Amino acid sequence: MIGLESGTVRVVQYAAVWPELFLAESQRIDGRLAEHGLKLRLEHTGSTAVPGHAAKPIVDILAGYTDVSLRE
């Protein structure tokens with residue numbers, strides 16, 4: 001299971017599926033953003049991104065965007 005109920009803290013053993021879940025979600029996000037002409041860099045962050053590391057079962061995704069036209 002991925003995710004936690006509100007107000008719950010739970011740490012579980014590493015699950016080899018976490019990188020696959022990140023990839024699937026990042027592809028879903030990329031697809032939706034592309035519909036609006038946006039391209040972000042998505043990174044798998046947090047404890048689920050560390051192979052073999054126990055973690056809260058939450059796949060953290062960090063999004064970065066650089067638009068050079070916004071620089072002064």
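Shape of the chain from its Cα gyration tensor (a ≥ b ≥ c, root eigenvalues): rounded if a/c is under 1.5, otherwise prolate when a/b > b/c, or oblate?
Values: a/c = 2.40, a/b = 2.20, b/c = 1.09.
Because a/c hits 1.5 or more and a/b exceeds b/c, the chain counts as prolate.
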Exercise. In whole Hz, what ³J(HN,Hα) sequence does region 22-33 give by Karplus (6.51, -1.76, 1.60; θ = phi - 60°), x for Gly and Pro?
Worked result: 4, 4, 4, 5, 5, 5, 5, 5, 4, x, 5, 5
Exercise. What list of ³J(HN,Hα) values in whole Hz, one per residue of region 11-18 in order, does the Karplus curve 6.51 cos²θ - 1.76 cosθ + 1.60 (θ = phi - 60°) give from phi, with Gly and Pro shown as x?
Worked result: 10, 10, 5, 3, 10, 4, 6, 4
Seminar exercise, completed: Spelling it out for Thr45: with amide H atoms placed in the peptide plane at 1.01 Å from N, the residues 5 or more places away or on another chain with amide H under 5 Å from its amide H are Asp60, Ile61, Leu62
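Every number here is computed from the coordinates shown, using simple stated rules; none is lab data. What you see is a predicted model; the values in this text were computed from it and never measured.
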